[in-house]
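Chemist: Just passing along the structure, written as structure tokens.
The values are calculated or read from the model by the stated rules, or taken from the named source; none is laboratory data. In this text the structure is predicted, and so the values were computed from the model without any measurement. Here the Cβ positions follow ideal geometry from the backbone for every residue, glycine too, while neighbour counts run over all protein chains shown. The accessibility values were calculated without ligands, DNA or RNA, using every heavy atom of the protein model including side chains. Shrake-Rupley method; radii C 1.70, N 1.55, O 1.52, S 1.80 Å.
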Amino acid sequence: MAKILGGITTSHIPAVGKAIQDELHDDPYWKPFFDGYPKIHNWIKENKPDVVINIYNDHGLGFFLDQMPTFAIGAAHEYRNEDEGWGLPSLDPFPGHPELSWHIIESMVADEFDITSCQELAVDHGFVVPMQLFWPGAPHNPDMPRAIPISANTVQHPIPTLKRALDFGKALRKGIESFPEDLKVVVLGTGGLSHQLEGERAGFINKEFDQYCIENIAHNPEELTKITRQELVEKAGAQGTEFLMWMMMRGALGDNVTEITRNYHIPISNTASGTLLLECE
Ligand code: DHB
Ligand code: FE
């Protein structure tokens, strides 16, 4: 049976893609950010996942405001990347795992989650920057697992509640664990933490709220479901809604997790960057 090894979160800022391209890992601005990743690389080397479920929010490449699925799951053989206008080169396609995708979709729809299944999906920086962070050289790193993208709407209101995000993760876990093949699976939650890119509060960051979220997500995620969507926007910023991805990831890990490493650094570009690795017990 497929087994979930753990979950990893990271911010997915496009400027990070540019810093990777320019090899700025030891630059004073970037070092405190990139220092959060070697322990994660070691864990990945030790655990060797076969599949990565990459939970991210599309920002207008795969979907636009005219067609915005609340929850979309990729069911393709590969996922292409395209130019979003950030000045980053488009990467080669990322290989998928359609058999596991369809199994998860079947299981989650049976569990009363209304999923949009995508047999074609272009993946944006929310998906590819974390892949490059965790598997340097992606998609050409030979250790990179096959990937299944899951995108949730954090862009156009109404967005899902934090409780729905956590419940989505729990149903996702059932879908993964009932897959008959012996696969080792890692779940990513990309985006966040607090940030707002536009309007009067552009540049808004809330360290206290971010710390509250990081403190609770491992052992008390239910506490975070009390945060309303309005409060999330007020406290984390308009794009801090990406914390929903962290909740979806957390739901997939089951009750008991061990924290392996975390990193928090402000700011990177306009964002409070947060990284967390939780291992399933
Ligand atoms: C930034 C952060 C994001 O989450 C994103 O999707 C785009 C840009 C930023 O801080 O620059
Ligand atoms: Fe984003």
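Chemist: In terms of the Cα gyration tensor, with a ≥ b ≥ c the square roots of its eigenvalues, is the chain rounded because a/c is under 1.5, prolate because a/b exceeds b/c, or oblate? Before the final figure, lay out the partial values.
Modeler: Working: a/c = 1.24, a/b = 1.12, b/c = 1.10.
Rounded, because the longest to shortest axis ratio a/c is under 1.5.
Chemist: Highest mean first, how do 161-170, 107-116 rank when packing is the count of other Cβ atoms within 10 Å averaged over residues?
Modeler: Details: 161-170: 21.2, 107-116: 15.4.
Packing order, densest peptide first, comes out as 161-170, 107-116.
Chemist: Explain nothing, just the number: relative contact order of the chain, from Cα pairs under 8 Å at least 6 residues apart, as a whole percent.
Modeler: Numbers: 621 pairs, mean separation 87.8, N = 281.
Computed over the chain, the figure is 31 percent.
Chemist: Moving on. Can you classify the stretch 68-162 as rounded, prolate or oblate using the Cα gyration tensor, where a ≥ b ≥ c are the square roots of its eigenvalues, rounded means a/c under 1.5, and otherwise it's prolate if a/b beats b/c and oblate if not?
Modeler: oblate
Chemist: Using the heavy atoms of the protein chains and a 1.4 angstrom probe, tell me the accessible area per residue for the stretch 230-278 in square angstrom.
Modeler: Working: 1460 Å² over 49 residues.
So the stretch 230-278 comes to 30 Å² accessible per residue, rounded to a whole number.
Chemist: With a probe of 1.4 Å, find how much accessible area the stretch 1-142 has per residue, and write the answer as a whole number in Å².
Modeler: Averaged over the residues of the stretch 1-142, the accessible area is 45 Å².
Chemist: Could I ask something else about it? Could you derive backbone 3J(HN,Hα) for the stretch 168-176 from the dihedral phi with the Karplus parameters 6.51, -1.76 and 1.60 (θ = phi - 60°), listing whole Hz in sequence and x where the residue is Gly or Pro?
Modeler: After applying 6.51 cos²θ - 1.76 cosθ + 1.60, I find 4, x, 5, 5, 4, 4, 4, x, 5 Hz.
Chemist: Now for a different question. Can you send over the carbon and sulfur percentage of the accessible area for the stretch 39-124, probe radius 1.4 Å, protein chains only?
Modeler: On the way: 1990 of 4250 Å².
C and S fraction of accessible area: 47 percent.
Chemist: If you don't mind, there's one more thing I want to ask. Using 0.36 nm times the number of residues separating D66 and K207, minus their current alpha carbon distance, what extension gain do you get? Numbers along the way, then the final one.
Modeler: On the way: separation 141, 0.36 × 141 = 50.76 nm, distance 3.38 nm.
That works out to 47.4 nm of additional length.
Chemist: Additional query: So for the stretch 138-201, taking the charge dipole from beta-carbon charges (+1 Lys/Arg, -1 Asp/Glu), which of N141, S194, F168 sits furthest toward the positive end?
Modeler: About the Cα centre, the residue reaching furthest to the positive side is F168.
Chemist: Using packing as a proxy for protection, rank 264-273, 70-79 so that the peptide with the highest average count of other Cβ atoms within 10 Å comes first. It would help to have the intermediate numbers written out before the result.
Modeler: Values: 264-273: 19.2, 70-79: 20.8.
Per-residue Cβ counts within 10 Å, averaged per peptide and sorted highest first, yield 70-79, 264-273.
Chemist: When the accessible area of the stretch 188-265 is split by element with a 1.4 Å probe, what percent falls to carbon and sulfur? Could the numbers behind the result be given before it?
Modeler: On the way: 1460 of 3270 Å².
C and S atoms contribute 45 percent here.
Chemist: So which lysines pass the test for K39, namely a Cα distance under 24 Å, with those fewer than 8 places away in the same chain ruled out?
Modeler: Counting by Cα, and skipping residues close in sequence, K39 has these lysines nearby: K3, K18, K31, K48, K184, K207.
Chemist: Taking Cα pairs under 8 Å and at least six residues apart, what relative contact order does the stretch 225-275 come out at, in percent?
Modeler: On the way: 21 pairs, mean separation 9.0, N = 51.
Normalised by residue count, the contact order of the stretch 225-275 is 18 percent.
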